[in-house]
1. Taking region 1-57 as the region of interest, how many residues are buried (at least 16 other Cβ atoms within 10 Å of the Cβ), within 15 Å of the chain's Cα centre (by Cα) and either hydrophobic (A, V, I, L, M, F, W, C) or more than 30 Å from residue 82 (Cβ to Cβ) (or both)?
2. For region 53-86, name all the residues that are charged (D, E, K, R) and not in a loop (DSSP other than H, G, I, E, B).
3. Being farther than 19 Å from residue 115 by Cα and among the aliphatic types (A, V, I, L, M) is the filter; apply it to region 38-68 and report the residue that is nearest to ligand 1 (Cβ to nearest atom).
4. Could we say that residue 88 is within 17 Å of the chain's Cα centre (by Cα), among the charged types (D, E, K, R) and closer than 30 Å to residue 181 by Cβ here?
5. Of all residues in region 133-157, which are in contact with a helix residue (DSSP H, G or I) (Cβ under 7 Å, 6 or more places away or on another chain) and within 11 Å of ligand 1 (Cβ to nearest atom)?
6. Does residue 92 satisfy the condition of being within 18 Å of residue 66 (Cα to Cα), in a strand (DSSP E or B) and away from ligand 2 (no atom under 16 Å from the Cβ)?
7. Limited to region 67-80, what total is found for residues that are in contact (Cβ under 8 Å) with a residue 40 or more places away in the chain and either within 12 Å of ligand 2 (Cβ to nearest atom) or within 13 Å of residue 41 (Cα to Cα) (or both)?
8. Looking only at region 69-111, how many residues end up being more than 14 Å from ligand 1 (Cβ to nearest atom) and closer than 18 Å to residue 8 by Cα?
Amino acid sequence: MILMKDIIREGNPTLREIAQPVSFPLSDEDRQLAADMMTFLENSQDPEIAAKYQLRAGVGLAAPQVDVSKQMSAVLVPGPEGEAPILKDVIINPKIISHSVQDAALAEGEGCLSVDREVPGYVPRHDRITLRYQDVEGVSHKIRLKNYPAIVCQHEIDHLNGILFFDHINKENPFAAPDDMIILE
Ligand SMILES: O=C(O)C[C@@H](Cc1ccccc1)[C@H](O)SCc1ccccc1
Ligand code: NI
């Protein structure tokens, strides 16, 4: 199982690489990695398991974060208690094929499992995206996301392109908010 010790941190050059596209059918190794990344997210969102293994909660994990420079990220955005997740899949070779002009940012800013420090500020992202990706079976999907799930996927896709969340924060005024940017509470 993936533990926090397996997640590489800011300063490791892999986090700044552009990850390699994944070919299909998946190798046994890539299939296992996809499963392990999703299991990490499930474990990290289970209070007992997270406490037992000292896991930071995560709604996304990209392969480069476990030092594998491949275009693959697991996303698990929970739904309301007892309901199905809003988004649960391993997104492979993801591409944002269209997006809103309107930007959005989380009111509380962002964190990252690979960044062991607080970096305050708004992270402006597209409020709505149309995302094309392949799942572990190689089946192509086109989905439309908005608000928080869209933010999560953009955070993970950034990891596949060597981008970290604080790269987007306004250096002069971290909480600069253009009038038309939605602040998501
Ligand atoms: O480091 C990662 O990629 C996982 C991030 C993803 C993320 C951070 C901020 C905004 C959207 C996505 C972790 O999930 S950060 C911890 C966390 C946990 C639960 C909810 C929000 C953030
Ligand atoms: Ni991150």
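Read-outs: derived from the displayed coordinates by stated rules, not from any lab. This is a predicted model, so every value here is computed, not measured. Because the Cβ atoms are built from the backbone with ideal geometry, glycine has one as well, and the counts that use them run over all protein chains shown.
1. Qualifying residue count, region 1-57: 9.
2. Let us first name the residues in region 53-86 that are charged (D, E, K, R), namely 56, 67, 70, 81, 83.
If the condition is that a residue be charged (D, E, K, R) and not in a loop (DSSP other than H, G, I, E, B), then 70 is the only one that fits.
3. Applying the filter and picking the extreme gives 38.
4. Taking the combined requirement at face value, the residue satisfies it.
5. 155 - this is the single residue of region 133-157 that is in contact with a helix residue (DSSP H, G or I) (Cβ under 7 Å, 6 or more places away or on another chain) and within 11 Å of ligand 1 (Cβ to nearest atom).
6. Working: within 18 Å of residue 66 (Cα to Cα): yes; in a strand (DSSP E or B): yes; away from ligand 2 (no atom under 16 Å from the Cβ): yes.
It is true that residue 92 is within 18 Å of residue 66 (Cα to Cα), in a strand (DSSP E or B) and away from ligand 2 (no atom under 16 Å from the Cβ).
7. The number of residues fulfilling the criteria is 4.
8. 3
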